[in-house]
1. Could you tell me whether segment 329-340 includes any residue that is assigned to a helix (DSSP H, G or I), farther than 22 Å from I144 by Cβ, hydrophobic (A, V, I, L, M, F, W, C) and under 14 Å from the mean Cα position of the chain (by Cα)?
2. Kindly provide the set of residues from segment 118-139 that are in contact with a Phe, Trp or Tyr (Cβ under 9 Å, 6 or more places away or on another chain) and in contact (Cβ under 8 Å) with a residue 24 or more places away in the chain, ordered by number.
3. Would you check if A74 is buried (at least 17 other Cβ atoms within 10 Å of the Cβ), farther than 14 Å from E40 by Cα and aliphatic (A, V, I, L, M)?
4. Tally the residues that are surrounded by fewer than 19 Cβ atoms within 10 Å (Cβ to Cβ) and not in a helix (DSSP H, G or I), restricting the search to segment 258-270.
5. Does P260 fit the bill of being out of contact with any helix residue (DSSP H, G or I) (no Cβ under 8 Å at 6 or more places or on another chain), in the same structural domain as I73 (by TED's automatic domain parsing) and over 30 Å from C107 (Cβ atoms)?
6. Scan segment 280-300 for residues that are closer than 18 Å to R248 by Cβ and surrounded by 15 or more Cβ atoms within 10 Å (Cβ to Cβ) and jot them down.
7. Based on what the data block shows, is Q199 touching a residue at least 24 places away in the same chain (Cβ under 8 Å), under 16 Å from A262 (Cα atoms) and either of a type outside the set (A, V, I, L, M, F, W, C) or not assigned by TED's automatic domain parsing to the domain that holds D265 (or both)?
Amino acid sequence: MKSQDRQFPSNGQEMRAAVYRGPGELSVERVPVPDILDGEILVQVRACGVCGTDLKKIAYGLVPPPRIFGHEIAGVVARVGSAVTGFRVGDRVATHHHIPCGNCFFCEKKLFSQCESYRRTGTTAGFEPAGGGFAEYVRVMDWIVAGGTVRIPDSVSFDEASFLEPLNTCLKALETACVEPGEVVAVYGQGPVGLLLMQAARAAGARVVGLDFLEPRLQIARELGAEAALDPAGDDVDRTIALLTDGRGADLAIVAAASPEAVADAQRIVRRGGRVLLFAQTVPGEKIPVDASSICMEEKRLIGSYSASVELQEKAAQMIFEGTIDVARLISHRFPLELLQEGIRLASHPSAHSLKVVIQP
C-alpha cells in the first residue's frame with residue numbers, strides 16, 4: 001500500500017521504527033504508535049534526512065539506548081489533540097525538534113541554542129525523546145506545535161521540506177559570521193551541508209569558493225553558483241583567493257568538514273581581521289590546531305555556530321518554498337526504513353557521488 005493511501009492509526013496500534021540499541025546497532029522493530037496529549041499532534045513521517053549529529057550519536061554511543069533518532073522531519077498530520085487549533089488531520093508539515101523559551105538570559109542575547117529549554121527534544125517516537133523521525137509516526141509536543149511546526153505548500157515535496165532545519169542552521173551560521181554582500185567566503189567541505197552554506201552565502205551576496213577533495217561535489221558546487229570550486233590537494237587555493245581579493249585573503253572561511261587540517265588551512269587563507277567559523281559537528285574534548293599569533297597579532301577571529309535559530313524559521317522555509325536554495329539537487333539517495341543501516345553507512349562513509357541521504361518510512 002502506498003504511503004499516501006495508509007489509514008492513520010488508532011490508539012493502541014503499532015508501527016515500525018528503527019531503534020538504537022547501542023553503538024553502531026540499529027534494529028527495525030514494532031513499537032507502539034505514540035499517544036498524544038491535548039496540545040500535541042501526531043505526524044506520519046514521509047521524509048527524514050540523515051544528519052551528522054545522528055551519525056555521531058549512533059557510531060560513538062554518545063547517549064544511552066534505547067532511542068529513536070531522526071529530527072529532519074516532514075510528513076502529514078495524522079492526529080490532533082483536543083486543544084490544537086492551528087493544525088488539522090491531513091495538513092502537510094515540517095517540524096523542528098528544539099525551540100527556545102524566548103525569555104531567559106541566553107534567549108535575550110539571541111543565543112537560542114544555549115537556552116535550557118532548547119536542550120529539550122520536543123519530537124519523539126518512543127523511549128527517551130531523540131527526534132523520532134526514523135519511524136512511521138512521530139509525536140510532536142505542544143511547544144513544538146506552537147512554535148516549531150511549519151505548513152508545507154503542495155508544490156514542495158516532503159523530501160525538500162525535510163531541509164528546513166538544516167538550512168536554518170546554515171542561515172544562522174552566516175548571520176553569526178556577519179556575512180556582507182561582496183565578501184569572499186570559502187567553504188571547506190561541499191557535502192550536503194557545505195552546498196547549503198555555499199548557496200545561502202551566495203543568496204546573501206557573497207562570492208563563494210567551494211573546497212572539497214571529490215570532483216563530483218566540486219562540479220555540483222560550480223553548477224549551483226560557486227565562483228570557484230577547488231581541490232585543496234591539487235589546486236592552488238591561496239592563489240585563487242588572492243586573485244579574488246586583491247591579495248588580501250578571504251573575508252570568511254567556514255569549516256563544514258570534520259578535518260583539523262581544514263581548520264589550519266582556514267586560518268591561513270583568511271585576511272587580517274577575517275573570520276573562521278567552525279560549523280562541522282564535533283564531540284566533547286576534540287582538539288583543533290589554533291595559530292594563536294594569527295588571532296592576537298593579525299586579529300583573525302575564530303567563532304562557532306550550533307543548531308538553528310527560531311528567528312530564521314520563516315526565512316529558511318521561504319527560501320526552500322520559493323526555490324532560492326536548490327535542495328532537491330542535494331539528495332542523492334533515498335532509503336526505506338528497513339534499509340536505514342545502509343543509509344547510515346553511506347552517509348558516514350560517502351562516495352564521490354553521494355550527498356544527502358533521506359529516509360522514507
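1. Yes, there is a match, as at least one residue in segment 329-340 is assigned to a helix (DSSP H, G or I), farther than 22 Å from I144 by Cβ, hydrophobic (A, V, I, L, M, F, W, C) and under 14 Å from the mean Cα position of the chain (by Cα).
2. Y118, G122, A125, F127, A130, G131, G132, G133, F134, Y137, listed by residue number.
3. So A74 fits the description; yes.
4. Result for segment 258-270: 2.
5. Spelling it out, it is not the case that P260 is out of contact with any helix residue (DSSP H, G or I) (no Cβ under 8 Å at 6 or more places or on another chain), in the same structural domain as I73 (by TED's automatic domain parsing) and over 30 Å from C107 (Cβ atoms).
6. D291, S294, E298, K300
7. Here the answer is no, as Q199 does not meet what is asked.
Yes or no, residue by residue, for (1) closer than 26 Å to Q219 by Cα; (2) at pLDDT 95 or above:
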{"site": "E261", "(1), (2)": "yes, no"}
{"site": "A264", "(1), (2)": "yes, no"}
{"site": "R268", "(1), (2)": "yes, yes"}
{"site": "I325", "(1), (2)": "yes, yes"}
{"site": "L330", "(1), (2)": "yes, yes"}
{"site": "L337", "(1), (2)": "no, yes"}
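The values are calculated or read from the model by the stated rules, or taken from the named source; none is laboratory data. A quick note: this is a predicted structure, and the numbers were derived from the prediction, not measured. Note that each Cβ is placed from the backbone with ideal geometry, even for glycine, and that neighbours are counted across all protein chains shown.
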